[in-house]
Structures are given as structure tokens and as C-alpha cells.
Amino acid sequence: MDAFRLLTRSTKLKPTSSASGSRLPSTGKAANPQLFRTAETDKLESAKNGKKRKRGAAVQQDEEEVPELDFFSSNKRPATSVTETAAATEDDEKVSAQDAASDADDSMDEVERRTILNSHKIKVTDMRDLEEIQIQATSNKDSKKKKKKSKKEEVPILSKKEQKRARRLFPEPLLNFKELRSKYKISSRLAENVADQGFTVPTEVQLGSLPLLLGETSEPDLLVVAPTGSGKTLSFLIPVINKIVRHHHSNPDEHGILSLVVAPTRELASQIVNEGRKLVAGTGVKITLMRKGMRVGDDGNANVLDENNEESSGSEDEDAENKPAKERANIPVTKSDILVTTPLMLVNALSANRTTTLATLPLVRSLVMDEADVLLDPLFREQTLDIWKACSHPDLRVGLWSATMGSNIEDLTKSTIKERLEDLGQKPSEPHALLRLVVGLKDSAIPNIDHKLVYAATEQGKLMGLRQLLRPAAASASDIRLRPPFLIFTQTIPRAIALHSELKYDIPAEAGGSSRIAVLHSDLSDGQRSDIMRGFRKGEIWILVTTDLLARGVDFRGINGVVNYDIPNSAAVYVHRVGRTGRAGREGGIAVTYYTKEDIPYVKSIANIIDVSEKLRGGEEGDKSIQKWLLDALPNLSKNSKKDMKRHGVKARQAPRLTDKNDDGKGAHGMRISTKSGFERRMENNKRGAIEASRNRKAAAAASGNVSDTGSWAGLDD
Ligand SMILES: Nc1ncnc2c1ncn2[C@@H]1O[C@H](COP(=O)(O)OP(=O)(O)OP(=O)(O)O)[C@@H](O)[C@H]1O
């Protein structure tokens, strides 16, 4: 059923140049998920790939006698037993010498590496103190020359330009997913699972980060800033899982949480677990979502809970939360290799709801912070740092991932890495670097979506604008064609609820009526939240009104757009909200942002983001949606006002205080979301439904099967 067709039936729409005629995110995946590339590198990469394929063909012949090396065969053989998993691990050890030699020949020279990395806009920087880098570089040189020099040798003083150059790295990029196995020797079962996802080309962040995390040099701590929807989840999960497979092989008796993935919301954590489950199948690695009442810390005498049966262990854990401390001590500790959690849930578990000092997680070797900038923002900072410090293994490696990252986060990361080691009083078994990988322009929105910044003057103006988007009633109504499914963001929970109840009768009964639109926010129960997420993914819900709860990380692959009903609190939030569309290189997504008179002081940072994103996209000056005069005219915001806006949003739209007895939950006077009373609209809606139904009956009698099916939308692919 084409939702837009139904909603705009009997409306003559003027043709537009926008997405209506072209491909939409909901119509399927993009042929190439990469956002930045040039014809020159395409040639270079395919030449390299071609060379590999030829060599690969020769290897293939030998492989007929060694079938276990046919990692990417589509006839996947499920490893069901522990012995089979162990056998798969052993197979991983048997990578032929010929294969290795072939890869050595294929390594690129620095010019090729530079060309490929630059054209994909990938920049890798060593973040350590310059002195540390220089000492390492000198000692590397010395060991090459086999000369002995005193350690205290003076390091040269460099100009700023030279310092930048000294920090810049050009590691080998990953050209295709097959290299994960042939070159980086990842577990064969993991390689199969990656292949089964059907991805053909690595995205920029995968191309840049996987070799760094899987390569032969010591695994670095890594800060990654890469666009929304660019596949960061796969980039951090593959190395984490591979490291655990290796660990199981070398330390078969050590059981416990080896990796932690921290994410700011339950929705994102649960999505990461789902992605992880596809990758760990048959590898012997277990990935679990943290639940209330789970025991995870090291308090000396813990049993181990086998979580093979997620469902049953889930209910046990729910019960466990309510048990007294004595009984809780007998609850077995979770047996999982990878634990995915929100910060608060883990901190509560490690401190028995803050009644004891924080327990440690002594086995954790990898700590991944997804949406790291928000995890280290004041809201979550204390909890995140507590978790970081609870990971007491000296060989811990951290990965911080996000589409936006302020320089304060980089500084905090550097100082925490140092402090943690000082507190531990131990050194890692081998020295390693702290690297930063940036894809594209730091803190910018993806270039493959259309941004519409719309002045609506007043709150009523926004509501009218949104209704026209939903059901354009006249040819001149709007030049924006936004097809469901889409998300609508508001500033607060009461406003999301109010907007939802305002819009719920706007969907005609024959299109499913109010069941097509839902509201999701953190005041709902976990069960309600999961049901709504499922309904939206399945295509039963077309429009989801929400708060910034869904602004980050959540991957509804094919949504066609995002509406910022209320302007976001910061430029970073804008980047994340609009990044819910246009994922994995999909074209045709639209981001509509309404602003009113009250918002004018806050719009410039958003206009700047749009301007940069359009520049990244290229194209004619005339195609730009943000004209220079507008940018010049919009006022700049002071640092303090920016801070204030980030914390509270537009003041007039703040959630009412409990003491405010006169407030009806729809916001301050003048900012309320309403045009007519709900009763009035319900009556109107019933009448309209009756008229349309009768018209339809007449039309159906005259001619049958006249609704075209082209461009139909059957839910989001999961
Ligand atoms: N190489 C690839 N080719 C095609 N699709 C891919 C590839 N890698 C990942 N994807 C898909 O891209 C989508 C976005 O991935 P993911 O959620 O990891 O993005 P992200 O970078 O974490 O985004 P965000 O910053 O919004 O959290 C997912 O649906 C994922 O399956």
C-alpha cells in the first residue's frame, strides 16, 4: 500500500524536482553505501581488487582440496556443536602460506594508500603527545638500523605544520570484505556471517577502521567520528567478536565478560545485540543485553549463569531484581562474552543499586562506547567514567564511536586513559597508540539527504505545515513531498504526546486511521517501547512522533524522512536526528525543520550544518537551500546561550513543572500544540471518513483495481 497515494488522493500535486519521482530510502538499499569516492579511486580500487581476484582464482584451485578455506561460500554450514565451533577456530589457524604470500605482494605503497584514503575523506591521526610519537618513531628507526642510542636523545622541535604531518597516518584500507579473512585472518565463521549479511562494498568507516583494529600492529585505542548510518556498528563488532574467538582459543578456561558495549538508550543497546547475534552465530561467542537484576560484577564467589536460553533467563533476572541482598548474592553471574548495556543499568548492577562500592570487571579487554560524545556528556559522564574505571584489566582497549565528537571529548579520553593506568599501577603488556579516525567533515550531516529549513512563524504555523506534509490538500500547498514512513521529533515528552493526539485523526480510516501514527518516549514501559519499535519496523506504524530518545543510533533502514517539529537543542542533535534517514548511502531522504519567531536566535548553527552538507554534496550554487543572505542575517549565539539551549532547549517549550497547576501538559500558552479541540476534529474526521467511504464505494462499482501499486511500500526491511 502506498501511504502517500492514499493520503493525497484527489489532490492535484504540482510536479517537483524532489524525491517524489526518484528513488526513496524505503525502496531498498543503495548500490554503493559509500558517501565519498572519486572515479580515480574507483579505478585504483578495482584494479587492486581485480589483481586480487586473479590471484584468488589461482588460490581457489588449491582450495578445492582444502574446502574449509572457502569462507564465503553461500552454502553456509551451521556449526551447531561446541566441537564444531572449536574445529572452526582451528581452521582459522590454517591459513595457507601461499595466501599470506599473495597478500604480502598485494600490499599498497604509500601513494596508493594516500590516494584511496583521501578520496574517501578518511583521516587518521595519532592523538598521543607529540613527544611520545617522536620517541617511538626514533626508536623504530633505531631498531631498523640496529644502532643503539641513548633514550634521552633530544627530539627535534617541529613547526605546527610538521607536527600535523608527524601525527598523520596512512594505514592500508580494506578494499573488500574478503580481505577480512584472507589478509586479516579473522575467524572463518565470523567471515561467513559477515558475508551472509549481503554487504558487497565496505563503507568508509569500515574501510578505514577494520585494518587498524585487526592489523598486526598492537591494537590501538580508537576514537572514530563517521557519518550517521555509515556502518559503525559492524566496524566495532567484527574486531570485538574476533578478539573473543581468539581469546577462547588461547584461554579456554577463562569465562566471563570480555567485552562491554555501552550505548545511551535501551533501543540502541537492543539493536546492537540484534546485529551482534547475526555475527556471532556459530562462533561460540555470546552477546547479551543487560537487564535489570542481572549480576555482572566480580565479587569473588560468583557462580555462572548460562544464558543460552535468553527468554527464560530474562524472566529469572526480572525476579532477581526484587530479591533481598542476601538472596541476590546467590544469583549466578551472567555468563556472556559481550555485554551490551546502558550506563545506568550497568552502574546499578555493579553497585547493587548504589548500596555498595562499584565492583570491578577484571576480564574486560574491549570497551566500546557507541555515541561516545553523549556518553561522556555531563548527563552520563559520571556513570560512563565509573564503568571505564571498573574495567581493571591493564590490556583494556577503548573504542569511542559517534557521528559527532567535540574536542573536549578527545581531551577527556586522553586524560582518562592516563589516569586509569596510574590508578591501576600497572602497565599494558605492549605499548599502543591512541588514534583518531575521521570520515568526511567532523560533525557534519550526511550529504545524501535534502534539507528543508521552513519558517512557520508560529506554533500554529508549524502544525498547519505538518498537516500539509501529511495530507497536501491543494496543488500549491507545499513543494515538499514526504512519504511515510517518517519520524517527527519534538523537544519534550509532553509535546510529543500533545502532537500525537493532535495528529492521530488526520490519517483516513481506510488508510488504517490512528493506528498508523504512534508516539514513543521514555515515560512508556519497556514493553510498550518495544512494541512500538516493532510496529514501526514492520511498517504497521507509518509516522512516529518521538523525542531525542530516538535521535541517535537507531537504524530504521528505509525511513524516508525526518521532521524536526521543534528545532533541535544543538547542531550535533540536528546531525543525529536527520541521520535517521539516508542510511547506508540511500538517496532521497528529506529532513524538514520548522522554526518560529522564538527560534530565530538558535537557527544559525543548523543553517550552517545544512550549508556544509550541501557543499559536501557538490552541485550548483543555485541548488542550495540555504542562501548566503540568510546565513549572514541570522544572529550568532553566545557561548552561554548555546550551553543553555543544549541543556534546556527553547525555554518557552520546556516541560511544565509539576507545581504548575494551570498547565494542561501541552506547553506554555502560545506554545501549545493545538488548533481545534480533539472532539471537534474527531467529529470532522468521522464525517470525512463517511463521505470518502461512500465515494470509494461508488468508484469501486464503476471500475475495479484502480489503485496503482507502483512504488508501494511494504514496511521496513529489518
Ligand atoms: N558495507 C555495508 N553495505 C551496506 N550496508 C551496510 C554496510 N555496513 C552496514 N550497513 C548497514 O547500514 C545501516 C547503518 O549502520 P549502523 O547502524 O551501524 O550505522 P551507524 O554508523 O552506527 O549510524 P549512527 O551514527 O546513526 O549510529 C545498517 O542497516 C547496516 O546494516
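The values are calculated or read from the model by the stated rules, or taken from the named source; none is laboratory data. In this text, all values refer to a predicted model and were calculated from it rather than measured experimentally. No Cβ is skipped: glycine too gets one built from the backbone with ideal geometry, and neighbour counts run over all protein chains shown.
Residues that are hydroxyl-bearing (Ser, Thr, Tyr) and modelled with pLDDT of 95 or more were ranked within segment 393-414; the one that is nearest to the chain's Cα centre (by Cα) is 402. May I ask you to verify whether residue 228 is under 17 Å from residue 556 (Cβ atoms), within 14 Å of the ligand (Cβ to nearest atom), in contact with a His (Cβ under 7 Å, 6 or more places away or on another chain) and modelled with pLDDT of 95 or more? For residue 228, the condition - under 17 Å from residue 556 (Cβ atoms), within 14 Å of the ligand (Cβ to nearest atom), in contact with a His (Cβ under 7 Å, 6 or more places away or on another chain) and modelled with pLDDT of 95 or more - is met.
Kindly establish whether residue 487 is at pLDDT 95 or above, touching a Leu at 6+ places or on another chain (Cβ under 9 Å) and not in a helix (DSSP H, G or I).
Values: at pLDDT 95 or above: yes; touching a Leu at 6+ places or on another chain (Cβ under 9 Å): yes; not in a helix (DSSP H, G or I): yes.
Judged against the criteria, residue 487 is a match.
Is it the case that residue 531 is surrounded by 21 or more Cβ atoms within 10 Å (Cβ to Cβ) and more than 16 Å from the ligand (Cβ to nearest atom)? So residue 531 fails the test. For segment 689-718, the set of residues classified as at pLDDT 50 or above and within 41 Å of the chain's Cα centre (by Cα) consists of 689 only.
Residues are listed down the side, and each one gets a yes or a no for (1) without any contact (Cβ under 8 Å) to a residue 60 or more places away in the chain; (2) touching a Pro at 6+ places or on another chain (Cβ under 6 Å); (3) aliphatic (A, V, I, L, M):
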| residue | (1), (2), (3) |
| --- | --- |
| 436 | no, no, no |
| 443 | no, no, no |
| 447 | no, no, no |
| 454 | no, no, yes |
| 460 | no, no, no |
| 482 | no, no, yes |
| 499 | no, no, yes |
| 521 | yes, no, no |
| 532 | yes, no, yes |
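Among 363, 339, 346, which is the only one that is at pLDDT 90 or above, within 23 Å of the chain's Cα centre (by Cα), surrounded by 15 or more Cβ atoms within 10 Å (Cβ to Cβ) and not in a strand (DSSP E or B)?
Numbers: 363 fails: within 23 Å of the chain's Cα centre (by Cα); 339 fails: not in a strand (DSSP E or B).
Going through 363, 339, 346 in turn, the sole match is 346.
Residue by residue, here is whether (1) touching a Gly at 6+ places or on another chain (Cβ under 6 Å); (2) more than 23 Å from residue 34 (Cβ to Cβ); (3) in a helix (DSSP H, G or I); (4) more than 9 Å from the ligand (Cβ to nearest atom) holds:
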{"position": "235", "(1), (2), (3), (4)": "no, no, yes, no"}
{"position": "240", "(1), (2), (3), (4)": "no, yes, yes, yes"}
{"position": "244", "(1), (2), (3), (4)": "no, yes, yes, yes"}
{"position": "249", "(1), (2), (3), (4)": "no, yes, yes, yes"}
{"position": "255", "(1), (2), (3), (4)": "no, yes, no, yes"}
{"position": "273", "(1), (2), (3), (4)": "no, yes, yes, yes"}
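Sub-9 Å Cβ pairs linking a first residue in segment 540-569 that is within 16 Å of residue 26 (Cα to Cα) and assigned to a loop (DSSP other than H, G, I, E, B) to a second residue that is within 15 Å of the ligand (Cβ to nearest atom) and aromatic (Phe, Trp, Tyr), at least 6 apart or interchain, are 542/536; 556/536; 559/536, ordered by first then second residue. Could you list all residues from segment 116-136 that are aliphatic (A, V, I, L, M) and touching a residue at least 24 places away in the same chain (Cβ under 8 Å)? Listed by number, the residues that qualify are 116, 117, 122, 124, 127, 130, 133.
Given the criterion among the hydrophobic types (A, V, I, L, M, F, W, C), farther than 16 Å from residue 608 by Cα and away from the ligand (no atom under 16 Å from the Cβ), identify the matching residue among 567, 559, 590.
Numbers: 567 fails: farther than 16 Å from residue 608 by Cα; 559 fails: away from the ligand (no atom under 16 Å from the Cβ).
Step by step, each of 567, 559, 590 is checked, and only 590 is among the hydrophobic types (A, V, I, L, M, F, W, C), farther than 16 Å from residue 608 by Cα and away from the ligand (no atom under 16 Å from the Cβ).
When restricted to residues that are in a helix (DSSP H, G or I) and of a type in the set (Val, Ile, Thr), segment 366-383 contains 1.
Go through the residues of segment 214-233 one by one and say whether even a single one is without any contact (Cβ under 8 Å) to a residue 60 or more places away in the chain and of a type in the set (D, E, K, R).
For segment 214-233, residues without any contact (Cβ under 8 Å) to a residue 60 or more places away in the chain and of a type in the set (D, E, K, R): present.
Hey, among 181, 277, 168, 266, which residue is surrounded by fewer than 23 Cβ atoms within 10 Å (Cβ to Cβ), free of Cβ contacts under 8 Å to residues at least 24 places away in the same chain and basic (Lys, Arg)? Break it down into steps so the answer makes sense when it comes.
Working: 181 fails: free of Cβ contacts under 8 Å to residues at least 24 places away in the same chain; 168 fails: free of Cβ contacts under 8 Å to residues at least 24 places away in the same chain; 266 fails: free of Cβ contacts under 8 Å to residues at least 24 places away in the same chain.
Testing whether each residue is surrounded by fewer than 23 Cβ atoms within 10 Å (Cβ to Cβ), free of Cβ contacts under 8 Å to residues at least 24 places away in the same chain and basic (Lys, Arg) leaves just 277.
Look at (1) within 16 Å of the ligand (Cβ to nearest atom); (2) modelled with pLDDT of 95 or more; (3) in a helix (DSSP H, G or I) and you find that residue 584 fails only one, number (2).
Scanning segment 599-613 for residues that are out of contact with any strand residue (DSSP E or B) (no Cβ under 7 Å at 6 or more places or on another chain) and touching a residue at least 60 places away in the same chain (Cβ under 8 Å) yields 609, 612.
Contact annotation: residue pairs with Cβ atoms under 6 Å, 6 or more positions apart or on different chains, pairing a residue in segment 196-210 that is touching a residue at least 60 places away in the same chain (Cβ under 8 Å) with a partner that is of a type in the set (Val, Ile, Thr) and within 10 Å of the ligand (Cβ to nearest atom), are 204/439; 205/439; 209/224.
Every residue, every condition in (1) of a type in the set (Ser, Thr, Tyr); (2) more than 24 Å from residue 459 (Cα to Cα), yes or no:
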position: 593; (1), (2): yes, no
position: 596; (1), (2): yes, no
position: 603; (1), (2): no, no
position: 613; (1), (2): yes, yes
